[in-house]
Amino acid sequence: MNASAELKAWGISIRDQFASPAEVGRLKKCANDRRSRGEFAAARVGARASAQRREEVRGDFTCWLREPFHEAESALLVRLEDLRLECNREAYLGLFEPELHYSLYPPGAAYARHVDQAQGTTQRKVSLVLYLNEGWEPGDGGVLRMHEANTGVLDIEPLGGRLVCFLTSGREHEVLPARRDRLSISGWFRARE
Ligand code: OGA
Ligand code: MN
């Protein structure tokens with residue numbers, strides 16, 4: 001089954017080795033480069049005007065994937081464009097554009113249980129996370145915990161190269177604290193309405 005068929009059937013898709021170890025290494029370098037230019041900022045929670053840093057809710061640091069793109073970032077965007085078109089062709093999701101950021105969780109940082117749609121908004125349709133962690137071990141923690149209405153919880157390790165996609169609407173999830181830096185590219189495919 002391809003990712004769009006899995007999304008359609010189960011609302012979630014986990015693709016291991018979506019990115020090769022070499023691609024993971026290159027994207028990690030891009031993140032480091034952006035970090036050294038001061039492009040990462042502490043993630044805040046709440047609506048734009050009143051957004052606040054609340055580490056007990058969300059402890060990561062983020063950086064938008066924006067132009068000028070590094071080569072490895074452009075290559076990833078091309079692959080995600082294929083995925084977007086596949087989802088539209090096979091699952092009729094009407095997806096329009098991706099909105100992506102790097103996310104770095106220092107040791108101990110977490111993201112409390114949440115949904116990816118702000119209240120009253122429905123534009124984000126599919127959530128995406130690509131992990132950039134080389135040599136991740138089970139004892140490192142940092143799982144993505146999906147809260148499924150019928151089946152309880154599903155814990156997903158942030159293994160390098162793994163791409164997790166899920167239908168955004170109503171799907172609660174959280175990031176548990178890790179013992180080492182935890183890096184990903186995450187974001188959403190949006191619809192126009
Ligand atoms: C998010 C999120 C999950 C993860 O950024 O909204 O839930 O595993 N990320 O990093
Ligand atoms: Mn989320």
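The values are calculated or read from the model by the stated rules, or taken from the named source; none is laboratory data. Quantities reported herein were computed from a predicted structural model and do not represent experimental measurements. With ideal geometry, Cβ positions are generated from the backbone for all residues, glycine too; neighbour counts draw on all protein chains shown.
Among the residues of the range 124-168, those identified as away from ligand 2 (no atom under 15 Å from the Cβ) and either farther than 20 Å from GLU6 by Cβ or in contact with an Asp or Glu (Cβ under 6 Å, 6 or more places away or on another chain) (or both) are LEU132, ASN133, GLU134, GLY135, TRP136, GLU137, PRO138, GLY139, ASP140, GLY141, GLY160, ARG162. Determine whether ASP155 is more than 9 Å from ligand 1 (Cβ to nearest atom), acidic (Asp, Glu) and touching a residue at least 12 places away in the same chain (Cβ under 8 Å). Against the criterion (more than 9 Å from ligand 1 (Cβ to nearest atom), acidic (Asp, Glu) and touching a residue at least 12 places away in the same chain (Cβ under 8 Å)), ASP155 qualifies. Counting the residues of the range 44-67 that are of a type in the set (Lys, Arg) and in a loop (DSSP other than H, G, I, E, B) gives 4. Scanning the range 158-181 for residues that are in contact (Cβ under 8 Å) with a residue 60 or more places away in the chain, over 23 Å from ASP82 (Cα atoms), more than 12 Å from the chain's Cα centre (by Cα) and outside any loop (DSSP other than H, G, I, E, B) yields a single hit, ALA178. Checked against the criterion of being surrounded by 15 or more Cβ atoms within 10 Å (Cβ to Cβ) and away from ligand 2 (no atom under 16 Å from the Cβ), the candidates GLU86, GLU90, GLU67, GLU97 yield just one match: GLU86.
Checking ARG89, ARG145, ARG124, ARG113 one by one, the residue that is under 23 Å from VAL45 (Cβ atoms) and modelled with pLDDT under 95 is ARG124 and no other.
Within the range 85-125, take every residue that is aromatic (Phe, Trp, Tyr) and within 11 Å of ligand 1 (Cβ to nearest atom) and give me the one that is nearest to ASP181 (Cα to Cα). Residue satisfying both the conditions and the ranking: TYR105. Restricting the range 131-143 to residues that are touching a residue at least 40 places away in the same chain (Cβ under 8 Å) and over 14 Å from TYR105 (Cα atoms), the residue that is nearest to the chain's Cα centre (by Cα) is GLU134. Flag: ALA31 matches the condition of being at pLDDT 95 or above, farther than 13 Å from ALA109 by Cβ and touching a strand residue (DSSP E or B) at 6+ places or on another chain (Cβ under 8 Å). Can you tell me how many residues within the range 138-171 are surrounded by fewer than 14 Cβ atoms within 10 Å (Cβ to Cβ) and hydrophobic (A, V, I, L, M, F, W, C)? Summing the residues that are surrounded by fewer than 14 Cβ atoms within 10 Å (Cβ to Cβ) and hydrophobic (A, V, I, L, M, F, W, C) in the range 138-171 gives 2.
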